[in-house]
Amino acid sequence: MNENMYIRRIFDGVVEFTLKSKGALVIVGPKWCGKSTTAKRYAQTVIDLMPLDTRNAFIELAKISPTNFLNYGPKPILVDEWQHVSFIWDQVKYEVDKTGEFGQYILTGSVTDKTRIETYNESSRHTGNGRIIRKMMRTMSLYETGDSNGTVSLLDLKNGRFAPAMSQKDINDYAYYVCRGGWPVAIGKERDVALAQARDYFEVVVTDDIFSLRDVPLRRDEQKARKLMRSYARNVSIPAADTTLLEDCKGSDETFDKDVLAKYLNALRNLYVIEELPAWNPNLRSQTAIRTKETRHFTDPSIGAAALGITPEGIFRDITTFGFLFESLVVHDLRVYADAIGAHVYKYRDSKKREADAVLQFNDGTWALIEVKLGSEADIKKAADNLIRIAADIDQERTGRPAFLMVVTKNKVAYQMDNGVYVVPLCCLKD
């Protein structure tokens, strides 16, 4: 995608604000999500460590004179695929602290080895004293791709504003979106070319990327990688235990044990291929126990579809799997929107087997419950009643009232039910 074809990303706003408020920005996220393309729009100097013909020279410069490396040109300086020179981290902190100026560096990468997580994780004490911040960039939401008309804003719902709206998309469109995903290179391309991008990404992961991490060394075994990816895809949107995945993968392969499974899962996390949805743990009025198991998700639902070999036409043969992948598509988009409006996304599940597929927790403490339904009007009504029951069990004297309750669907009309619950097509949503 060249400059003239650039589609503005929701993440652009994150970059713009961070460069005005922090000394350096570390952008992480899955390969091919557009990190470099977006970051280059804000850099005056680009140090690109991807091309082999220049990588070694830059690495040597960083080793010999990190000061010169980090003052290679006008700032902001972008160090693209910075994991190749991760040893300069302390020098980045020094350069940022030396002047105290904002907007000095942008570091991008699609790989996070253990040492680097410990180095720049936001919860670590080694974060440049709050002057360096890590942000995750995701693949494109349906609003960014132009498939959602954006007539229903999550921020408006939080502030009590809503107007009925319509989407022209139907279930066949959503089957396509699940399989295409939000890869920037797929947007605007003919159908077959667009669908090939997720399949190609999957192949790169299982044949190369997963075996490339220094801190999670794995013996090259593509069969194991494919087995795990398929098993994970079969359990997407489910709080499946590691033992469930292991039994699914193991079969006659006795070498596939819990330690091997843990290494593969860590590798996929460090590559930003998977991203579990954490559990929400509110104060309840009752003695109901909250389940804290994280829910399985890929960073883009199309990875799961590719792992299962599913096409937009074939997905209808297993409507249950379609439902789980649609839920993952919704969670993906909610995460993109949440990043822009100061919110986090969680899953609610309790010992009464009640679930809210997504919970939005805003930075000001307000919250919203969301269910995802691919099914009928009866399913939507049941989901709305479920949200009302869950909300009633939450201690609202401590948490406050929910900002809104919403069922996200594949239907065409956005409206508010008599009980106050919003019903909104995914292709009406935006941040």
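The values are calculated or read from the model by the stated rules, or taken from the named source; none is laboratory data. Worth saying up front: this structure is predicted, and the values here are computed from it rather than measured. Neighbour counts are summed over all protein chains in view; Cβ atoms, including those assigned to glycine, are modelled from backbone coordinates with ideal geometry. Areas reflect the complete protein model, heavy atoms only, side chains present, ligands, DNA and RNA absent. Shrake-Rupley method; radii C 1.70, N 1.55, O 1.52, S 1.80 Å.
Values as computed for the structure displayed
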| item | result |
| --- | --- |
| Solvent-accessible area per residue, Å², over the chain with all protein chains present [probe radius 1.4 Å] | 43 |
| Amide proton proximity set for W280, modelled H, under 5 Å, gap of 5+ | K347, Y348, R349 |
| Karplus-derived 3J(HN,Hα), 6.51/-1.76/1.60, for each residue of the stretch 425-431, Hz, glycine and proline x | x, 4, 7, 10, 7, 8, 5 |
| Potential extension, E276-K263 segment - 0.36 nm per residue separation minus Cα distance | 3.1 nm |
| Isotropically averaged projected area of the stretch 256-391, using the convex hull of Cα atoms (one quarter of hull area), nm² | 10.4 |
| For a label point 7 Å along the Cα-to-beta-carbon line of K353, residues of the stretch 235-259 with backbone N under 20 Å | 235-241, 244 |
| Phi-based couplings in Hz for the stretch 236-249 (Karplus 6.51, -1.76, 1.60; Gly and Pro marked x) | 5, 6, 10, x, 6, 6, 4, 5, 5, 5, 5, 5, 5, 7 |
| Under the Karplus curve 6.51 cos²θ - 1.76 cosθ + 1.60, θ = phi - 60°, whole-Hz ³J(HN,Hα) for the stretch 18-31, x wherever Gly or Pro sits | 5, 5, 8, 10, 9, x, 8, 10, 9, 9, 10, x, x, 4 |
| Cα gyration tensor of the stretch 130-170 - equivalent ellipsoid semi-axes, whole Å, descending | 28, 18, 5 |
| Peptides 84-94, 404-414 ordered by average Cβ neighbours within 10 Å, highest first | 404-414, 84-94 |
| Amide H contacts of A414 (H built 1.01 Å from N, under 5 Å, at least 5 apart or other chain) | A165, M166, S167 |
| Linear extension gain, N419 paired with D48, 0.36 nm per residue minus alpha-carbon span | 128.1 nm |
| The chain - Rg (one decimal) and Dmax (whole number), Cα, Å | 22.0, 68 |
| For the chain, with +1 on Lys and Arg beta carbons and -1 on Asp and Glu, the positive-most of G365, L78, G34 along the dipole | G365 |
| Folded to 0 to 90 degrees: helix 89-99 orientation relative to the chain principal axis, Cα | 80 |
| Simple label model, 7 Å out from Cα along Cβ direction - F316 to T255, nm | 4.3 |
| Whole-percent carbon and sulfur share, accessible surface of the stretch 316-431, 1.4 Å | 46 |
| R161 versus S21: modelled label distance in nm, points set 7 Å from Cα along the beta carbon direction | 2.0 |
| Placed amide H near K22: partners under 5 Å, 5+ positions off or other chain | G103 |
| FRET efficiency for D200 and S286, using Cβ-Cβ distance with R0 set to 35 Å, rounded to 0.05 | 0.10 |
